[in-house]
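Q: The following block contains the structure, expressed as C-alpha cells.
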Amino acid sequence: MRKYWMIVLCAALLLPRFAAAESKTAKAELLMPAGSAAVLSEQNASDPLPVAGLTKLPAILTLCRAFDTGLIAPDTEMEVSKKASKVSGPTAFLEAGERVRAEELIKAAVMISAGDAITALMENAFGSEEVFLNNIGVILKEAGVDVAMENSLGTGTLFSCEDLIKLGNAALSSKTYLDYSGRYMDELPHAGRSDTELVNANRMVRSYSGCFGLLTGSSKTDGYCGLFAAKRNDMTYLCAVIGSPTSEARFSEATKLFDNAFANYRLETPATANEPLLTDVPVLYGDQKSVNLVPLETTVYLMNKADGGIVTQFEVPETLLAPLDPAVSVGTATFYDAGGELLGTVPLYPDATVDSNGFTDIVRRLCRAYLAG
C-alpha cells in the first residue's frame with residue numbers, strides 16, 4: 001500500500017492570502033508551505049529574474065543527490081584542480097593540488113555556495129562539465145523547473161520565485177543538503193596551513209527561530225536574493241526573495257512573511273494512511289463479521305487558524321457484502337471546512353481481505369483443503 005504525505009490543492013485555493021506589505025522592496029517574492037501549491041503571499045512570482053549566487057543551487061542539489069545515493073562517499077579524498085582553485089565568488093580557499101575529503105567540500109558548497117568546492121566535487125565525481133550538466137538537467141526536470149543551464153554554476157541563468165520554491169522542495173528531500181544548510185559556522189581543514197572558516201551568509205539560521213536554510217546570494221546588478229526554509233511544530237514554509245536592495249531588506253521581508261504564516265495558519269490531518277476512519281463496519285456473507293475502513297494516503301489541509309475544524313461526511317453502505325479486497329474501494333470520506341466549503345474526498349478501503357461464506361465458496365474451500373492434503 002502507498003503511504004505518503006499529500007497537501008490537497010483545492011484547500012489551498014480557498015485560503016485568503018494575507019495582505020502584502022505596502023513598502024515592497026524586492027523585485028519578486030513568494031511564500032508557500034513546503035510540498036504545497038498553496039500561495040500565501042506573492043509578488044511577480046513567475047517572472048524569470050537574475051538571482052545572483054542562487055544559480056548554483058541546481059549544481060549543489062545534484063552533488064547532494066550524489067552523496068544521498070552513494071555515488072560520492074563522504075570519506076573520498078579529492079584533488080583540487082587549477083581550474084577549481086581559480087573559481088571566483090564565495091570560496092573555500094582551495095589550492096591547486098591539495099587533497100580534501102568529499103564531505104568537507106560538500107559542507108562548503110552547501111553552507112557558503114563555494115564555487116571552488118562545487119567545481120572540485122564536479123570534476124572528481126562526474127569527470128566533465130558536460131556530464132555534470134546532464135545530471136543537473138535531470139534534477140531540474142524532477143523538480144519541475146523548466147530552465148536550461150549552459151554552465152555548471154548557472155552563471156547568467158534566470159530563475160523565478162516559483163522555480164526557487166520548487167528547488168527548495170527538492171532540497172528538503174536531501175539528507176545531505178539538510179545536514180549542512182542549517183549550520184551557521186564551521187571550518188574546512190587544510191593540510192599544512194590554516195583552516196578556512198565557513199560562515200553561512202544566511203544569518204536567519206542563527207537569528208530566526210526554526211530557520212534551517214537554504215541559500216542566499218547577492219551581486220551589484222542582481223541585488224540581494226534568498227531562498228529560506230523555516231519550521232515550527234509541524235509546519236514548514238519556503239520563502240523566496242529576489243532583488244532586494246540591501247541584505248537587511250532581504251532578511252526583513254522573509255522574516256515578515258514567515259511571522260505572518262506561523263501566526264495565521266495551521267495544518268489539519270483528517271485522514272492518515274492505513275489508520276481507520278470507520279471501525280467495525282458490518283459485513284454480510286463473509287468469513288468475518290466486520291472490517292475497518294482506511295484511506296491509503298495521508299491527507300493534510302492548510303487552514304486559517306481563525307476557522308473552525310473540519311467536518312467529515314461518509315458515503316459508505318451500512319452493510320458491506322463479501323468478498324472484500326483491500327485494494328478495492330468500498331466508499332469515500334469527504335471533507336468540508338466549517339463554512340461548508342468542499343476541501344476534498346478520499347476513497348476508503350477494507351483493512352483486511354474478507355472471503356465469501358456462500359455455500360459454493362464453502363464447498364470450494366473444502367475441496368482445496370482436501371486436495372492440499
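The values are calculated or read from the model by the stated rules, or taken from the named source; none is laboratory data. Keep in mind the model is a prediction, meaning the values are calculated, not measured. Positions of Cβ are generated from backbone atoms using ideal geometry, with glycine treated the same way; all protein chains shown enter the neighbour counts. Just so you know, the surface numbers come from the protein's heavy atoms only, side chains and all, with ligands and any DNA or RNA stripped out. Shrake-Rupley method; radii C 1.70, N 1.55, O 1.52, S 1.80 Å.
Q: Which is the longest part of the chain that has none of the GluC sites (Glu not before Pro) sitting in a DSSP loop with at most 10 other Cβ atoms within 10 Å?
A: No qualifying site falls inside 151-317, the longest such stretch.
Q: Using a probe radius of 1.4 Å on heavy atoms only, what accessible surface per residue do you get for the chain? Whole Å² is fine.
A: Counting only protein heavy atoms, the per-residue value for the chain is 47 Å².
Q: Could you please report the charge total around Glu77, scoring K, R as +1 and D, E as -1 over all other residues with beta-carbon less than 12 angstrom from its beta-carbon?
A: Details: positive: Arg99, Arg101; negative: Asp75, Glu79, Glu98, Glu103, Glu104.
Net charge around Glu77: -3.
Q: Give me the net charge for the shell around Glu341: Cβ to Cβ below 14 angstrom, other residues only, Lys and Arg +1, Asp and Glu -1. Mind dumping the intermediate values first?
A: Details: positive: none; negative: Glu268, Asp307, Asp337.
Local charge sum for Glu341: -3.
Q: Let me ask something else about it. Which percent of the accessible area of segment 46-96 is formed by carbon and sulfur heavy atoms (probe 1.4 angstrom)?
A: 54 percent
Q: Expressed in nm to one decimal, what extension gain is obtained for the pair Glu187 and Asp75 from 0.36 nm per residue of sequence separation less their Cα-Cα distance?
A: 38.7 nm
Q: Note down the net charge around Gly182, summing +1 for each Lys or Arg and -1 for each Asp or Glu among other residues with Cβ under 13 Å from its Cβ.
A: Residues close to Gly182 contribute a combined charge of +4.
Q: If exposed trypsin sites (Lys or Arg not before Pro) are those in a DSSP loop with at most 16 other Cβ within 10 Å, what is the longest stretch of the chain that has none?
A: On the way: sites that count: Arg2, Lys3, Arg17, Lys24, Lys86, Arg203, Lys220, Lys289, Lys305.
Answer - 87-202.
Q: Let me ask something else about it. Looking at this model, which pairs from Lys83/Lys220; Lys27/Lys141; Lys86/Lys256 are more than 30 angstrom apart at the alpha-carbon?
A: From the list (Lys83/Lys220; Lys27/Lys141; Lys86/Lys256), the Cα-Cα distance tops 30 Å for Lys86/Lys256.
Q: Ok, one more. Which whole-number percent gives the relative contact order of the chain, counting Cα pairs below 8 Å spaced six or more residues apart?
A: Computed value for the chain: 17 percent relative contact order.
Q: Based only on Cα atoms, what Rg/Rh ratio does the chain have, Rh being taken as Kirkwood's radius?
A: Value, to two decimals: 1.12.
Q: Of all accessible surface on segment 248-336 at a 1.4 Å probe, what whole percent is carbon and sulfur?
A: 49 percent
Q: Which whole DSSP H helices in the chain pass both tests: a Cα extent of 24 Å or more along the axis and a mean Kyte-Doolittle value no lower than -1.0?
A: The qualifying helices are 247-264.
Q: Let me ask something else about it. About its Cα centre, how strong a charge dipole does the chain have in debye, to the nearest 20, once Lys and Arg get +1 and Asp and Glu get -1 at the Cβ?
A: The dipole magnitude comes to about 300 debye.
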